[in-house]
Each structure stands twice: as structure tokens, then as C-alpha cells.
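Novice: A single structure is presented below for examination.
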Amino acid sequence: MKTENWKLENRLLHTKAYSNPFTIFNSSRRANQGSALMLMMWAILLMSVTVLGVVEYIRASAAESVQAAYQFKALHLAESGLAVGLHPSTRRGDLVLKQKIGPNSGFDVVINYEGARIPINYATDERLREAIYNLFIHWQLNAEEAGIAADSLADWIDNDDNARANGAEQEQYQNLGIFDSPRNQGFLRVDEMLLVRGMDAVDRKKPDWREYFSVYGEGQIDLRTVFKDVLLAITGSSENDVARFIRERDGADGIPGTEDDRRIRDEEAYQLLGLAGDKLNALRAILNDDDTTLRRITSIGWVGEKRAEIIVVTRRNSETGSLTYLGRMEE
């Protein structure tokens, strides 16, 4: 009987405990407090990540702004160098062409002439077409590849439909699935030469071939500034003769366009290059030693590691001194 009473009392005590509203409230409050703590921790973590992201964004934006400012300043310095190079009294090799402005900025200007390059829009001249062929051979193209490219360049420029021996006119391009070539007119940009049959082989062998051609040249080669490869191709002179001429021309430092360059007049140049007789007579009309009308001015402004390059090609009237801009490129 006592055992039964004890069980009954114990059951009543448990019932009272669970039915006590204060006991239930305390348990619920502790659960809510745990959830709130977890939410607060997640909020703090999320806020920390957000703040770190904002800080990193600000830092990256600041660094990007600094680099953009450097690039803008470099372009401004390139423009300043260009103004110096365009002055009519400025000459190749003048000290004013290289200036340091501030501890980590300045500009470098190089004056060259379009006569250093082959005037591609005169490739119908047999002497220049042959020079182009020789240039491609010098660049390790085989005879067939060089012939196709050289003849096709001349066919692209002339205004007839008669293909040269290795060239290409409309029929040849149509067989290749190209129906708007050739243009039968001069090139506006050197890059357009890639449209010509055979120039893909040149591009593979000599990726920097663009440096050796000009769309602004007026049919002559300037002996004062002509590139070695072009001089070899034009004159057919030996490597030794061309090397000797360039040593004499560029001076002791071996750098063209500096103060120690030597002005070599045409007759001495012909002698150094071993040109004489019929060969010289054939080339006289396309060689000169005083083509100063077409200038190519390259101005590079720099700030730290940032560089801005501007290239302009101009024609100066020798009588009036007036300047005409023919082309401008920025990099």
C-alpha cells in the first residue's frame, strides 16, 4: 500500500513540474537565446567578410586609379615628345629628343624617314618588285613563295587584269573563294598586305615584316636611314659591302639617328656598296641621300613601368615649311 502511495505522489510531482508555466518559459527562453547567439555570430561573420571585401575593393580601385593616372601621364609625355620631334629645327640625334622629367618619368623620341622602308604602293616598278622578291628570299622564303607574294602584291596595285607570271588577279582569287580581290589600287594601311595571295607565308617567316614597308613612301629609298635588309634587297650588294656602309653611316656607336652619324653623299655611298655601271644607272632613280620630306616620328612617354607610344608620319613642304599629317598610330 505504501509503495502504491509513493508511486502516486511521484507521478503527481512530475505532472506538476511539467505543467508549471515558469518551467516551460525558462526552457524556451534558453533555446531562443541559443538561436539568437548563433544568428549574431553569423551576422558578425558576414559583416566581417563584407568589410574585408569592401576594403580590398577600395585598395584595388586605388591601385587601378594610380595606374590609370600613370598611363594618362605617359600619354601626355608622349605628346610632349612628339611636339619636340615635330619642330622644324629638330634633327636626328639631338639631345632634346631624350628627356627625363622627374625621378621616374620622361620621353624618348626617334626621328626616321619613310625612305628607310620599301614604298609598297610603287611595287609595279620592276626594280622595287624585284627588291621585294629579294627581301622575301633574304627572309628564308623559297623561290616559289617569294615569287607568288611579290608578283601578287604588284598585281594588287596595278589597274589591269593581267596576272604576272606568279601573281594573282580576279580569276585566281575567285578560285580561292574570294570574290572582291584584288583591289587594283594602292594600300591604305600596311596591314592590308595580308589580304594578298602569298603574304601568309611571309607572315609566318617574318612576323615583324610590317616594319619594312610604307604606304606613304614616294617611290625612293633614303640611303641615310634605309634598313639593312631593305638595302640588301634593293642594291643586291654583298653582306660585307652593306655592313661596311652601315658602319660608316651609323658611326662608332652603331646606332642610327645619334650624334656620331656620318652624312654619306650618294657617290661615296655607291662606292661603298660596290655599285657601278649599268646596275648603278638602273638604281639611281630610286636611291637618294636627302629625302627629308617624309618623316616618321616615334615618341614614347614613360612613367615607371607604364609606356605610351605615338607614331606620326608627316610631309613637310621644302619651300613653305608647312606640315601635313599623313598618319597617326597610338599604342
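The values are calculated or read from the model by the stated rules, or taken from the named source; none is laboratory data. Everything numeric here is computed off the predicted structure, so don't read it as measured data. Note that we place each Cβ from the backbone using ideal geometry, even for glycine, and neighbour counts take in every protein chain shown.
Novice: Go through the stretch 265-298 residue by residue and tally those that are part of a loop (DSSP other than H, G, I, E, B) and more than 23 Å from residue 315 (Cα to Cα).
Specialist: The initial filter retains those residues of the stretch 265-298 that are part of a loop (DSSP other than H, G, I, E, B), namely 265, 273-276, 289-293.
Now drop any that are not more than 23 Å from residue 315 (Cα to Cα), which leaves 273-276.
Number of matching residues: 4.
Novice: Then there is this: Can you tell which of 131, 146 is closer than 30 Å to residue 309 by Cβ, at pLDDT 95 or above and either of a type in the set (Gly, Ala, Ser) or assigned to a loop (DSSP other than H, G, I, E, B) (or both)? Show your work before the answer.
Specialist: On the way: 146 fails: closer than 30 Å to residue 309 by Cβ.
The match here is 131.
Novice: Does the stretch 117-128 hold any residues that are surrounded by fewer than 18 Cβ atoms within 10 Å (Cβ to Cβ), free of Cβ contacts under 8 Å to residues at least 40 places away in the same chain and not in a helix (DSSP H, G or I), and which are they?
Specialist: Going through the stretch 117-128, the residues surrounded by fewer than 18 Cβ atoms within 10 Å (Cβ to Cβ) turn out to be 124-127.
Now narrow it down to the ones that are free of Cβ contacts under 8 Å to residues at least 40 places away in the same chain: 124, 126.
Residue satisfying the conditions is 124 alone.
Novice: Further question on the same structure: What is the one condition in (1) in contact (Cβ under 8 Å) with a residue 24 or more places away in the chain; (2) closer than 28 Å to residue 185 by Cβ; (3) part of a helix (DSSP H, G or I) that residue 73 does not satisfy?
Specialist: Tallying (1) in contact (Cβ under 8 Å) with a residue 24 or more places away in the chain; (2) closer than 28 Å to residue 185 by Cβ; (3) part of a helix (DSSP H, G or I), residue 73 fails exactly one: (2).
Novice: If residue 266 meets every condition in (1) surrounded by fewer than 13 Cβ atoms within 10 Å (Cβ to Cβ); (2) touching a residue at least 40 places away in the same chain (Cβ under 8 Å); (3) under 19 Å from residue 227 (Cβ atoms) apart from one, which number is that one?
Specialist: In the conditions (1) surrounded by fewer than 13 Cβ atoms within 10 Å (Cβ to Cβ); (2) touching a residue at least 40 places away in the same chain (Cβ under 8 Å); (3) under 19 Å from residue 227 (Cβ atoms), residue 266 misses (1) alone.
Novice: Taking the stated definitions as given, is residue 316 among the basic types (Lys, Arg) and surrounded by 18 or more Cβ atoms within 10 Å (Cβ to Cβ)?
Specialist: Numbers: among the basic types (Lys, Arg): yes; surrounded by 18 or more Cβ atoms within 10 Å (Cβ to Cβ): no.
The answer is no for residue 316.
Novice: Taking the stretch 105-116 as the search range and keeping residues that are buried (at least 19 other Cβ atoms within 10 Å of the Cβ) and β-branched (Val, Ile, Thr), which one is modelled with the lowest pLDDT?
Specialist: 111
Novice: Which one of the conditions (1) in contact with a strand residue (DSSP E or B) (Cβ under 7 Å, 6 or more places away or on another chain); (2) surrounded by 11 or more Cβ atoms within 10 Å (Cβ to Cβ); (3) of a type outside the set (Ser, Thr, Tyr) does residue 272 fail to meet, given that it meets all the rest?
Specialist: In the conditions (1) in contact with a strand residue (DSSP E or B) (Cβ under 7 Å, 6 or more places away or on another chain); (2) surrounded by 11 or more Cβ atoms within 10 Å (Cβ to Cβ); (3) of a type outside the set (Ser, Thr, Tyr), residue 272 misses (1) alone.
Novice: Looking at the stretch 107-116, can you tell me whether even one residue there is outside any strand (DSSP E or B), touching a strand residue (DSSP E or B) at 6+ places or on another chain (Cβ under 7 Å), of a type outside the set (Asp, Glu) and over 30 Å from residue 72 (Cα atoms)? Steps first, please.
Specialist: Quick first cut of the stretch 107-116, residues outside any strand (DSSP E or B) only: 114-116.
Then drop every residue that is not touching a strand residue (DSSP E or B) at 6+ places or on another chain (Cβ under 7 Å), which leaves 114-116.
Filter once more, keeping what is of a type outside the set (Asp, Glu): 115-116.
Okay, now just the ones that are also over 30 Å from residue 72 (Cα atoms), so 115-116.
Yes: the stretch 107-116 contains one or more residues that are outside any strand (DSSP E or B), touching a strand residue (DSSP E or B) at 6+ places or on another chain (Cβ under 7 Å), of a type outside the set (Asp, Glu) and over 30 Å from residue 72 (Cα atoms).
Novice: Let me ask you something else. Residue check: is residue 300 in contact with a strand residue (DSSP E or B) (Cβ under 9 Å, 6 or more places away or on another chain), at pLDDT 90 or above and within 18 Å of residue 90 (Cβ to Cβ)? Don't jump to the end; show me each part of the working.
Specialist: Values: in contact with a strand residue (DSSP E or B) (Cβ under 9 Å, 6 or more places away or on another chain): yes; at pLDDT 90 or above: yes; within 18 Å of residue 90 (Cβ to Cβ): yes.
It is true that residue 300 is in contact with a strand residue (DSSP E or B) (Cβ under 9 Å, 6 or more places away or on another chain), at pLDDT 90 or above and within 18 Å of residue 90 (Cβ to Cβ).
Novice: Does any residue of the stretch 287-295 turn out to be farther than 29 Å from residue 247 by Cα and not aromatic (Phe, Trp, Tyr)? Full working, then the answer.
Specialist: Filtering the stretch 287-295 down to residues farther than 29 Å from residue 247 by Cα leaves none.
No, because not a single residue in the stretch 287-295 is farther than 29 Å from residue 247 by Cα and not aromatic (Phe, Trp, Tyr).
Novice: If the requirement is being surrounded by fewer than 21 Cβ atoms within 10 Å (Cβ to Cβ) and over 17 Å from residue 283 (Cα atoms), which of these qualifies: 236, 198, 251, 219?
Specialist: On the way: 236 fails: over 17 Å from residue 283 (Cα atoms); 198 fails: surrounded by fewer than 21 Cβ atoms within 10 Å (Cβ to Cβ); 219 fails: over 17 Å from residue 283 (Cα atoms).
Selected residue: 251, the only one of 236, 198, 251, 219 that is surrounded by fewer than 21 Cβ atoms within 10 Å (Cβ to Cβ) and over 17 Å from residue 283 (Cα atoms).
Novice: All but one of (1) aliphatic (A, V, I, L, M); (2) outside any loop (DSSP other than H, G, I, E, B); (3) within 25 Å of residue 237 (Cα to Cα) hold for residue 141; which doesn't?
Specialist: The one condition residue 141 does not meet is (2).
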